[in-house]
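Peer 1: Right, I'll just put the structure down here and ask away after.
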Amino acid sequence: MKKIITLTMTIALLLVIVVSFAGCGGEASTTAEAVSLVDVTTEQGISLKLPSDMTKQDNGAYANMETGDTAAFGVTEIGGDPLSSATEEKVLAMYQSKYDDVVVTSFENGIKINGKEAVVSQQNLTTPEGDEVTLTLVMVTDDTNNYLVNFVYGKDKTDGALYKNLQACIDSITIASTPDSTSASTSAGTSVKDDFSEYLYNNFGTIFEPEDRAIQEIYTEAALTADSKILAKALSETLPAKNNALLEKMKAYTPQTTEVQEVHNLFIQAVELRKDAYAQLFEVLTQPATEAEVDAAFAVLDESDAKIEEFLTKAESMKKDLGV
């Protein structure tokens, strides 16, 4: 059965491998003037020109690991809404659900790139790691599939090759060939691999795990103060709000395969257990409690930690088995 994906989900598919690279850039070792444009054809059937200082990565993206310049690609079958229905508000809402300080600086729909209907949207945003980047999303359609290219560079890296050649890269985009989505979706290994790669690098690694780590750090810092008032405030105010926000994002994400959904559910269960543990710890901290009640609260916290370990073990096993 073919996967039918809505336009909103299509945009979400590239949110984003590229952000993980964007913050790693230091000073470029070569100047943009010394870089030429080379022809690239991706496994998604997209042909375009990219700066020669960007090399192919294991996940299929092209990146300059010194500057953080990145290009990532995707293709999905068109669902219920055509590309023409994309609006600035829809794109903004999608990015705002995952990143901070999102500002759409330009948006064009109804344009054509090499004869194909296209949308180009550029936005500035801040990644979960605090990096300020400029992300340009290009979507091109052949009325059967949406082809996506995400270009990302550091907001302040205006001397890089990607920044200086961005328009030329966009203008060069063509659809080299239409992927055989039927054969791809009938291969369970390929389908699970792609779905797990999307989950691991575009959601867990860039959104869920950083926010989960921040929650645990808040709890640890409050506990280490040995001040019951500080810990109680964290348990009753800061931590519930952050746990709820994380759970909302995690439950809003729907993997495309049952295998990835199962591993994702383990993470959701771990966060829900931790939320319950924090509530119980607040109770025993602020009201008279027996030793058994205190032990029970910490037991739930231990159960949450065990579920996290189960999730990580399962994810690592899938990563090795699928070659992600």
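Peer 1: Let's test the formula: R0 of 45 Å, r as the Cβ-Cβ distance of ALA299 and THR126. What FRET efficiency results, to the nearest 0.05? Intermediate results must be reported in sequence, preceding the final value.
Peer 2: Numbers: r = 38 Å, r/R0 = 0.85.
So, using R0 = 45 Å, E works out to roughly 0.75.
Peer 1: Next question. Using θ = phi - 60° and the Karplus curve 6.51 cos²θ - 1.76 cosθ + 1.60, what whole-Hz ³J(HN,Hα) does each residue of the range 92-107 get, with Gly and Pro shown as x?
Peer 2: Per residue, the Karplus-derived 3J(HN,Hα) values read 4, 4, 5, 5, 5, 6, 10, 9, 9, 6, 7, 9, 7, 8, 7, 8 Hz.
Peer 1: Based only on Cα atoms, what mean projected area does the convex hull of the range 188-322 have, in nm²? List each step's numbers first, then the result.
Peer 2: Working: hull surface 33.0 nm².
Taking the Cα atoms of the range 188-322, their convex hull projects to 8.2 nm² on average.
Peer 1: Moving to a separate point now. LYS320 to ASN114: extension gain in nm, 0.36 nm per residue of separation minus the Cα-Cα distance?
Peer 2: Working: separation 206, 0.36 × 206 = 74.16 nm, distance 3.97 nm.
Extra length available between LYS320 and ASN114 comes to 70.2 nm.
Peer 1: Report ³J(HN,Hα) in whole Hz for each residue of the range 310-319, in order, from the Karplus equation J = 6.51 cos²θ - 1.76 cosθ + 1.60 where θ = phi - 60°; Gly and Pro get x.
Peer 2: Karplus values, whole Hz, x for Gly and Pro: 4, 4, 5, 5, 5, 5, 5, 5, 5, 4.
Peer 1: May I ask you to derive the FRET efficiency for ASP171 and THR258 from their Cβ-Cβ distance with R0 = 41 Å, giving the value to the nearest 0.05?
Peer 2: 0.50
Peer 1: For LYS307, go through the aspartates and glutamates and keep the ones whose alpha-carbon is under 20 Å away, minus same-chain ones fewer than eight residues off.
Peer 2: GLU209, GLU211, ASP212, GLU217, GLU248, GLU259, GLU262, GLU272, ASP276, ASP295, GLU316
Peer 1: Something else: Under 12 Å Cα to Cα from LYS155, which aspartates and glutamates show up? Leave out anything in the same chain fewer than 8 places away.
Peer 2: Partners within reach: ASP69, ASP131, GLU132.
Peer 1: Return the subset of LYS90/LYS249; LYS49/LYS116; LYS49/LYS112; LYS242/LYS320; LYS49/LYS164 for which the Cα-Cα distance in this structure is over 21 Å, preserving the input order.
Peer 2: Listed pairs above 21 Å: LYS242/LYS320.
Peer 1: Enumerate by residue number the GluC sites (Glu not before Pro) in the range 91-141 meeting two conditions: DSSP loop (anything except H, G, I, E, B), and at most 15 other Cβ atoms within 10 Å of the site's Cβ.
Peer 2: The qualifying sites are GLU129.
Peer 1: Can you put ASP276, ASP227 in order of Cβ neighbours within 10 angstrom, beginning with the fewest?
Peer 2: ASP227, ASP276
Peer 1: Still on this structure: Starting from 0.36 nm per residue, how many nanometres of slack lie between GLN216 and ALA279 once their C-alpha separation is accounted for?
Peer 2: Length difference between fully extended and current span is 21.2 nm.
Peer 1: To continue, here is another question. How much length is gained on full extension from LEU247 to THR290, taking 0.36 nm per residue of separation minus their Cα-Cα distance? Don't skip to the end; give the middle numbers.
Peer 2: Working: separation 43, 0.36 × 43 = 15.48 nm, distance 3.06 nm.
Working it through step by step, the gained length comes to 12.4 nm.
We did not get these values from a lab; they are worked out from the coordinates using the rules stated. Just so we're clear, the structure is a prediction, and the values are computed from it rather than from any experiment. All Cβ positions, glycine included, derive from the backbone under ideal geometry; neighbour counts span all protein chains shown.
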